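Undergrad: Quick one: the structure is below, questions incoming.
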Amino acid sequence: MIELSKAEFEVLDALWINYPATASQIIERLSDDKQWHEKTIKTLLGRLVKKGALSFEKEGRQYIYTPCINRADYTQKESQNFIERFFSGRIAPLVSGFAKSEKLSQQDINELKKVIDDWEKNQK
């Protein structure tokens, strides 16, 4: 899987909202949250193209960008890498840490129970 910096991920995340998109559209999406210069975003777009995370087509004077990687696939792989690196591949210590710090809401608990229930049903 492609490795992305935090800034590259944020640009790709802005594209995942609605694509294909022009550089101007991506810049507009990011301008609400970021104080990045337009040139910085275009540099990040170029890096993402080099890494194979984006493709583009030239249409007149504009470049139209499309993600080459799926958001769900990328976040799944990054989640697995995180759990492997910090928790030796075990999920229980991660969830336990959140529970002990009282960072789990009732909604989180209900969703986790449902995930476990669904997983157990599929194992039979």
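Undergrad: Is it fair to say Phe98 is in contact with an Asp or Glu (Cβ under 9 Å, 6 or more places away or on another chain) and at pLDDT below 90?
TA: yes
Undergrad: Is there any pair with a first residue in the range 62-80 that is closer than 24 Å to Ala23 by Cβ and a second that is open to solvent by less than 40 Å² (accessible area, probe 1.4 Å) and of a type in the set (S, T, N, Q) whose Cβ atoms are under 7 Å apart and which are 6 or more apart or on different chains, and what are they?
TA: Pairs found: Gln62/Thr22; Tyr63/Thr22; Ile64/Thr22.
Undergrad: For residues in the range 80-100 being in a helix (DSSP H, G or I) and β-branched (Val, Ile, Thr), which is farthest from Met1 (Cα to Cα)?
TA: Across the range 80-100, the extreme among qualifying residues is Val95.
Undergrad: Identify, from the list Asn18, Asn70, the residue that is farther than 22 Å from Phe82 by Cβ and not acidic (Asp, Glu).
TA: Asn18
Undergrad: Of everything in the range 12-37 that's in contact with a helix residue (DSSP H, G or I) (Cβ under 8 Å, 6 or more places away or on another chain) and within 13 Å of Tyr63 (Cβ to Cβ), which residue is surrounded by the fewest Cβ atoms within 10 Å (Cβ to Cβ)?
TA: Residue satisfying both the conditions and the ranking: Ala23.
Undergrad: Checking the structure you have, find out if any residue of the range 48-67 is among the β-branched types (Val, Ile, Thr) and either open to solvent by 100 Å² or more (accessible area, probe 1.4 Å) or at pLDDT below 95 (or both).
TA: no
Undergrad: Ok, one more. Mind checking which residues of the range 16-47 are outside any helix (DSSP H, G or I) and closer than 24 Å to Thr75 by Cβ?
TA: Within the range 16-47, Asn18, Tyr19, Pro20, Ala21, Asp32, Asp33, Lys34, Trp36 qualify.
Undergrad: OK, next. Could you please find all residues in the range 1-11 being of a type in the set (A, V, I, L, M, F, W, C), under 19 Å from Asn81 (Cβ atoms) and either at pLDDT 90 or above or open to solvent by less than 100 Å² (accessible area, probe 1.4 Å) (or both)?
TA: Ile2, Leu4, Ala7, Phe9, listed by residue number.
Undergrad: Ok, one more. Checking Ile41 against (1) of a type in the set (Val, Ile, Thr); (2) open to solvent by 40 Å² or more (accessible area, probe 1.4 Å); (3) touching a helix residue (DSSP H, G or I) at 6+ places or on another chain (Cβ under 7 Å), only one condition comes out false. Which one?
TA: Here Ile41 meets the rest and fails (2).
Undergrad: Taking the options Lys113, Lys103, Lys77, name whichever one is open to solvent by 80 Å² or more (accessible area, probe 1.4 Å), among the basic types (Lys, Arg) and outside any loop (DSSP other than H, G, I, E, B).
TA: Values: Lys103 fails: outside any loop (DSSP other than H, G, I, E, B); Lys77 fails: open to solvent by 80 Å² or more (accessible area, probe 1.4 Å).
The match here is Lys113.
The values are calculated or read from the model by the stated rules, or taken from the named source; none is laboratory data. Keep in mind that what you see is a predicted model, and the values were worked out from it rather than measured. Cβ sites come from the backbone with ideal geometry, for glycine too, and all protein chains shown count toward neighbours. The accessibility values were calculated without ligands, DNA or RNA, using every heavy atom of the protein model including side chains. Shrake-Rupley method; radii C 1.70, N 1.55, O 1.52, S 1.80 Å.
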